[in-house]
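Novice: Below is the structure I would like to discuss, written out as structure tokens.
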Amino acid sequence: MDDKILISVENLSKNFAVRNRIGRKTVLHAVDGVSFQIARGETLGLVGESGCGKTTLGRTILRLLEPDGGRILYDGTDITRVNMRPYRSKMQIIFQDPAGSLDPRSQICDIVAEGLCVTGAGLSRGDRASKVTELLEKVGLDGGIARRYPHEFSGGQQQRIGIARALAVNPEFIVCDEPVSALDVSYQSQIITLLEQMQENMNLTYMFISHDLSVVRHISDRIGVMYLGRIVELGGGVEIGVHAAHPYTRSLLTAVPVPDPQVSRAREQEPIADIQTDGGIPSQGCRFHASCPHAMPVCAVEEPQLREIAPNHLCACHLHAAP
Ligand code: SF4
């Protein structure tokens, strides 16, 4: 394996038993045969609408959810079935809802020091307090807040506390699960900038999950577009943002405002999909065919596979079938 690759996901699947709209038991394939790699120091953005499986995918990679199929490799080691204790400090998560992810009865010092119980087991009380102060200051907070409680802070400050908690264990890989979507716009760019600074200073690797393509484009080196449990397009910011090939990605892009009138006019000429994601996964064919303005007869019977259509650009669509 390429030693630059930190995370490798191979054919990963995660299912849930659910009841459908008429109350029958059925299986939801939340993540369905997903494969990709993330290089050390890279940010892979994952974008898609609510319910497409992106949060489930992030949590399954961290083994907070157990996979039903496929493999997860961390720095070349298969961690799909191993005891995760040695990996918990290396692989962290920053949650969407900062208020909900911080225990309201705990002081900030205890919240941030949670992980130090594992990595800083030998630290004295004083050293632990100094470490907490250092972490709070690292994320732009006053070290003097350590004895206060989460409800005393704004959403942006609470998310900084969540980031300090994730950094306490010196992680290498962080799943950022919609880390700014619950925040006011004024705080969003501050948190994104903080995450970028932390990445540079600590050589972190991110998987950045968001339903907002404009946010993902801002922070990501590469972007994966997810639809009904599958990655339908994967490429760099330019490939996805300017040369998007999958009709679903193009539909997502129409929701992102652009300052360039030429690009904006070109987008207006693109038919917009009437996206239906509440009808479950079709038993055959392309998962997007019921919504796709370009659907062809083959799309209803044959599921397109993710394949390279240009350097650094993969797409699962019959419009881009192999010659
Ligand atoms: Fe549309 Fe067919 Fe491509 Fe699916 S495979 S996105 S239905 S053109």
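The values are calculated or read from the model by the stated rules, or taken from the named source; none is laboratory data. Owing to the predicted nature of the structure, the values given are computational and were not obtained by experimental measurement. Don't worry about glycine lacking a Cβ; one is built from the backbone with ideal geometry, like all the others, and counts go over all protein chains shown. Note: accessible area is taken over every heavy atom of the protein model, side chains too, but ligands, DNA and RNA are not part of it. Shrake-Rupley method; radii C 1.70, N 1.55, O 1.52, S 1.80 Å.
Novice: Probe 1.4 Å, all protein chains in place: accessible area of TYR149 in Å², nearest 10?
Specialist: 80
Novice: In whole angstrom, and with the biggest value first, how far do the Cα coordinates of the range 101-170 range along each principal axis?
Specialist: 33, 22, 19
Novice: Also, I was wondering about something else. Say each of ARG71 and ARG148 gets a label point 7 Å from the Cα, pointing the same way as Cα to Cβ; how far apart are those two points in nm?
Specialist: It is 4.9 nm.
Novice: I've got another one for you. Through the Karplus equation 6.51 cos²θ - 1.76 cosθ + 1.60, θ set to phi - 60°, convert the phi angles of the range 173-182 into ³J(HN,Hα) values in whole Hz; use x for Gly and Pro.
Specialist: 10, 10, 8, 9, 8, 6, x, 10, 6, 8
Novice: Quote the FRET efficiency, to the nearest 0.05, computed for SER124 versus ASN203 with a Förster distance R0 of 30 Å and r equal to the Cβ-Cβ distance.
Specialist: 0.60
Novice: Sticking with this structure for a sec: If amide hydrogens are placed 1.01 Å from N in the peptide plane, which non-local residues have theirs closer than 5 Å to the one on MET226?
Specialist: Counting only residues 5 or more places away or on other chains, the set is VAL47, GLY48, VAL232.
Novice: Can you list, largest first and rounded to whole Å, the semi-axes you get for the range 149-192 by taking the square root of 5 times each eigenvalue of its Cα gyration tensor?
Specialist: Working through the eigenvalues yields semi-axes of 19, 14, 7 Å.
Novice: Mind checking which aspartates and glutamates have their C-alpha under 14 Å from LYS14, skipping anything on the same chain fewer than 8 residues away?
Specialist: Of all the aspartates and glutamates, those that pass the test against LYS14 - Cα under 14 Å, at least 8 places apart if same chain - are ASP32, GLU66, ASP68.
Novice: Also, I was wondering about something else. Can you list residues from other chains, or at least 5 along the same chain, whose modelled amide H is less than 5 Å from the amide H of ARG148?
Specialist: Sorted by chain and number, the residues that satisfy this are ILE108, CYS109.
Novice: Against the longest alpha carbon principal axis of the chain, how many degrees, from 0 to 90 and to the nearest 10, is the axis of helix 185-202 turned?
Specialist: 70
Novice: Can you list the lysines whose alpha carbon is less than 25 Å from that of LYS4, not counting same-chain residues fewer than 8 positions off?
Specialist: LYS54, LYS90
Novice: Among SER181, SER13, SER124, which one shows the biggest mean-square fluctuation in a GNM of the chain, springs joining Cα atoms closer than 10 Å?
Specialist: SER124
Novice: Grab the alpha carbons of the chain, take their convex hull, and tell me the volume per residue in Å³.
Specialist: Residue-normalised Cα hull volume stands at 156 Å³.
Novice: Which sequence of LEU123, LEU252 reflects their accessible areas, 1.4 Å probe, from the largest down?
Specialist: Ranked list, largest accessible area first: LEU123, LEU252.
Novice: If you don't mind, there's one more thing I want to ask. By how many degrees, between 0 and 90 and to the nearest 10, does the Cα long axis of helix 125-138 differ from the longest principal axis of the chain?
Specialist: That helix lies at roughly 40 degrees to the long axis.
Novice: Still on this model: Remind me, relative contact order of the range 56-205 in percent, using alpha carbon pairs under 8 angstrom and six or more residues apart?
Specialist: Answer for the range 56-205 is 29 percent.
Novice: Residue by residue through the range 284-292, which ³J(HN,Hα) values in whole Hz follow from phi under the Karplus form 6.51 cos²θ - 1.76 cosθ + 1.60 (θ = phi - 60°), with glycine and proline marked x?
Specialist: Whole-Hz 3J(HN,Hα) from phi for the range 284-292: 8, x, 5, 5, 9, 5, 5, 10, 7.
Novice: Long-range amide H contacts for VAL31: which residues qualify at under 5 Å (H placed 1.01 Å from N, peptide plane, sequence gap of 5 or more or a different chain)?
Specialist: Distant-sequence amide H within range of VAL31: LYS14.
Novice: Add -39500 (n - 2.57) for each DSSP H run of 4 or more in the chain, then divide by its residues: what number comes out at 222 nm, to the nearest 500 deg cm²/dmol?
Specialist: Helices in the chain give a 222 nm mean residue ellipticity of -8000 deg cm²/dmol.
Novice: Then there is this: Distance from a point 7 Å along Cα→Cβ of VAL185 to each backbone N in the range 216-259: keep the residues under 16 Å and list them by number.
Specialist: Flagged as within label range: 216, 255-259.
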